[in-house]
Structure formats: C-alpha cells, structure tokens
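Some notes on the structure that comes next.
The values are calculated or read from the model by the stated rules, or taken from the named source; none is laboratory data. It should be emphasised that the depicted structure is a prediction, and the values quoted were computed from it without experimental measurement. Please note: Cβ atoms are built from the backbone with ideal geometry, for glycine as well, and neighbour counts cover all protein chains shown.
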Amino acid sequence: MIKNLTCKMLIQRCFLRLLHIAPRVRFAPSPTGYLHLGGLRTALYNYLFAKSRGGVFILRIEDTDQTRKVEGSINALTNDLEWAGIECDEGPSKGGNFGPYVQSERLNIYQEYIEKLLANGSAYKCFCTERRLNILRRDAIRTQRIPKYDNKCRNLTPANIQEKIKAGTPYCIRFKLSSDCSSFEDLIFGGIAYDVSLNEGDPVVMKSDGYPTYHFANVVDDYLMGVTHVLRGVEWQISTTKHLLIYKAFGWTPPLFGHLPLIVNADGTKLSKRQSDVKVEDYRTKGIYPLALVNYITLSGGGFEHVVGEGIRLKTMDELADEFHIEKISSHPSRLNPDLLEECNRLELRRHLEDEKLTKSLILNLQNLIKNKYSSENLNVSEEHVRSVLLWATSRITRIEELVTPKFAFLWILPSNKNLEVNRNLFEKLVSDLENLEKFEQDSIKDNLKNFSAENGVKFPVLMKMLRSVLSGLNEGPSVSEMMQLLGKFQSLERIKAAIR
Ligand code: GLU
C-alpha cells in the first residue's frame, strides 16, 4: 500500500529545516554517455538524503573534459532522472542562486580561484611537454616504479617562469601535494587513510586550454554551492584526501564525505557497463516502472531498516526518504538480485490496475504494443478485451511487454492452424453446444466441455488437446476453459469454426 506523506513526516521535515541543519547535496554526472544503474543509485541516495532532512538536491553537470563529452547525453540524463522521479531543487534547467550549474559555463570562476592558489603558493605553472611526461612514464614502467610526475616545475625561479611565458611556452597549473590531510572519516566506510603525495605527482588543476580538471572544479563548486555532504561512488574515495588538500589550501571547511559501495551482480562479479541492462534507459524500454527500479535499488543498496519476513512492499519516494538512514548503508558491495526487480515491477503493475486512470493508460500502451508487433487487420484489441487480459495476467507477467511474446500471441491474433486435422462433425456439434451456453465463464465452460466429451464418447484430454491447438496454435499455456473465457464467446467460436471451414 502506498501512503501519502504523513503529518508526522511533514512536521519532522519542517523542524529540521528550522534547526538550520538542512543539508545541501549534489549529483554531479559527467555527460559522457548514458545514465547507468550506479549513477542512478548515487542520484537517488543524494535525493533521499536531502529529502529526509529537509535539504536541497543539486544537479551539476561536470563537463570539463570536453573530449569525452557525448552529444545529447545531458538531455538523456535529465530525462532518465525525471523518469525515475528524482527532481532537483537546483540545476541547469531549474536554476538556483548558486549557478551556473554546468561547469563549462563557470570557466571565469575557476580562473579566479586558480589565481588565489597561485598567489598563496599552493599551485604553480608547469611547462613540461607531453614528450617529457611520456618519457617519465615509460621510465617508471621500465624500472617498475609508480608512474608519476616528478614535480620538476615546482622549483622554477620567477625568472625562469617569465622567460618561458615570454617565449609563449604553453603551460598548465599544478597543485602542490603534501601529507597534510591524509585521512578522513567516511560517513559509510569509517576512517580512511591515504597519503596521496606518496602515490601521485602534483596533479594538474587547470589544463593549458583554460579548462579546470575534475578535482579542482569539483572542490571549488562544492564549496561555492554550499554543499554540506558529498555522497558519491566509492571509486572516488581515493581522490578525497587530494580534495581535502585543496580545501585546506583555500582555508575552507570541507563538506562531509560518504562513498557508496560498488554495485555488483548477484554472484559478486563486477557489473560491466557493456551489459546493456545496466543502462537506465534499457530498463525503461523493457517496461520496468520507475518506482519499481527505485525500490529495487534501495533493496540492494541498503540504507533502510530491514525487517526480516516483511516481504516486499513498494514504497513511494516520500516513504523512502522518510525511512532513509545514511548510517544504515553498508560498506559491502551491494548485490543486485534481479528477481527482486521482477517482483517490484509486478507490484507496481498491480498498483496501476487498481487505479482507473493508470489502467486506461496501460490499456493504451498495450494496444500500441500489439499494433506495432502484429500487422494483421483482425487484431483483437478492444478496450474490454485488453482490460480483461491485463487483469488476468497480473499473476503471470511482470511487464506488459511479455504479452506480445509468442506465448501470448493467441490473445490478439488468430492462430495459424493450416495442417490441423479435426473431427468436423464433433466440432460442429461443439459449436452449437457452446453457442447455447449462457454464462461463458471458466467454470461453466469447463463443466460444459466435460459433459460434451462424455456425451460424445471423446476422451476429455484428447478434446482439450484439439481445442488448445484450434484456439491458440500452442501445445501448452493456460487451461482451455481459461483461454475461452479470455477470448470471449465470439472469438472462441470463430476460431473453432475457422478450423472446420
Ligand atoms: N563527475 C564525477 C562523475 O561523473 C562526479 C564525482 C563526484 O561526485 O565527485 O562521477
């Protein structure tokens, strides 16, 4: 059962807002392709976290790596989020007081903050050529050392620098790493220690083309946008101490960080982006409902009280937000259990059929699916028929798309029974017998067929086998009487008549 926001929840949220502890969180995807399940989980958990505490959810597009930008992906991403019911409070199309929310529109801001780092000595100009960096890399690999920049340009004198600039030598800006912030308290993983300066050379914070790198832009934006909690995928955990050093260099208080564990397959193996069903868009086109997908993610991803034996219950976004507790997210990889997705979708399908408006649109969708799939002119797609099939099918299917698979084709089109041999006399008798049947429902049909077989000396299973073929062209499927009720009297008789024509 889906409930609306309770009064208690509303009071709780208002109270939190008044206490000024409302968090500001963000989802910061790079427009490099489609939104996959991991990205949706990050967006969802940020959204739930914000909603659970009366906070603000920001969408920020991180497109500073223009070479990886994929045309159309910002739109696709926004559509996917909207479809999933994740609406941002601030973002590129929504606006807000902290914009622009697309990084490529903030280049002047990054320039201003780079100047600050250069001025306070935390960053420096690096004139090393690509060729030199390649040589360093190759040497390190050859001698089995970690490939990293040797920080050579840290030691250039002001005169050296002036000279190179005068000569028009291109340069980038690097940030000086130190061991100052080498640990932090992760909201999900607990204490994390990582001295980035031991493992990396000074990172580039601004490229020679004037574009900032992810690490720098991310920190500047999180700070300027007032982000209080950074919840992101665990793959970024290793970068966090680097980010903390940048915060320190500016003298800023950093947000709190929480890293969401990996999402893995049921058997613990890694999800591959190549597996097509990892794309949110694919779930959608396969007929998965947004609320089903969202519940599925939360069932696998943790963050909720797990009541043993409760069974699966679909929760609305408001309920999910209300029950979300960041401290309940486990640091173990989240195992996906595809059976749960099926179950969630079935529950959502049932919920649609309990609501007349949603049912109407289901009927329309199914009618379109049928028309697109079968080209026959005699399609059996009346609203009444489609509605009764849907009601019948809820315990058999999880997606309406299944109803246009060969198994269910008989519901919409006449079966082709070209080589079928039937006993003409027997079927003629059966037609007039069924024509007289007033109540054309499963039980009465079954009783009638039983009597018919006894009276006409034909074994019941034999009669059923013939009828099943005539009605559906299949050797198995729902019972004959069930099929007849679904097809209705007219269609059932038409099909029997067609077989003896
Ligand atoms: N742009 C990064 C990504 O696409 C965001 C990482 C972060 O949230 O800091 O994953």
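Picking from Leu463, Leu449, Leu493, Leu471, which residue would you name as being under 25 Å from Ser395 (Cα atoms), assigned to a helix (DSSP H, G or I) and not hydroxyl-bearing (Ser, Thr, Tyr)? Give the steps one after another, and end with the answer.
Values: Leu463 fails: under 25 Å from Ser395 (Cα atoms); Leu449 fails: under 25 Å from Ser395 (Cα atoms); Leu493 fails: under 25 Å from Ser395 (Cα atoms).
Exactly one residue qualifies, and that residue is Leu471.
In this structure, Phe304 does not satisfy being over 23 Å from Val278 (Cβ atoms), of a type in the set (A, V, I, L, M, F, W, C) and either modelled with pLDDT under 90 or in contact with a Ser or Thr (Cβ under 8 Å, 6 or more places away or on another chain) (or both).
The set of residues in the range 214-232 being within 11 Å of the ligand (Cβ to nearest atom) and not charged (D, E, K, R) consists of Tyr214, His215, Ala217, Asn218, Val219, Val227, Val230, Leu231. Residue pairs whose Cβ atoms lie under 9 Å apart, sitting 6 or more positions apart in sequence or on different chains, and linking a residue in the range 220-238 that is in contact (Cβ under 8 Å) with a residue 60 or more places away in the chain to a partner that is within 12 Å of the ligand (Cβ to nearest atom) and of a type in the set (Phe, Trp, Tyr), are His229/Phe257; Val230/Trp236; Val230/Phe257; Leu231/Phe27; Leu231/Tyr45; Leu231/Phe257; Arg232/Phe27; Arg232/Phe257. For the range 289-297, state whether one or more residues are assigned to a loop (DSSP other than H, G, I, E, B) and away from the ligand (no atom under 14 Å from the Cβ). There is at least one residue in the range 289-297 that is assigned to a loop (DSSP other than H, G, I, E, B) and away from the ligand (no atom under 14 Å from the Cβ).
Among the residues making up the range 327-345, those that are buried (at least 20 other Cβ atoms within 10 Å of the Cβ) and assigned to a helix (DSSP H, G or I) are Leu341, Cys344, Asn345.
Residues in the range 424-449 that are more than 51 Å from the chain's Cα centre (by Cα) and touching a residue at least 40 places away in the same chain (Cβ under 8 Å): Arg424, Phe427, Glu428, Leu430, Val431, Glu435.
Residues that are among the aromatic types (Phe, Trp, Tyr) and away from the ligand (no atom under 13 Å from the Cβ) were ranked within the range 24-56; the one that is surrounded by the most Cβ atoms within 10 Å (Cβ to Cβ) is Tyr47. Within the range 198-206, is there a residue that is in a helix (DSSP H, G or I), farther than 22 Å from Arg60 by Cα and away from the ligand (no atom under 16 Å from the Cβ)? Yes - at least one qualifying residue is present in the range 198-206. When the range 233-273 is filtered for residues that are assigned to a loop (DSSP other than H, G, I, E, B), away from the ligand (no atom under 11 Å from the Cβ) and either closer than 21 Å to Tyr47 by Cα or at pLDDT 95 or above (or both), the ones remaining, listed by number, are Gly251, Trp252, Thr253, Pro254, Pro261, Leu262.
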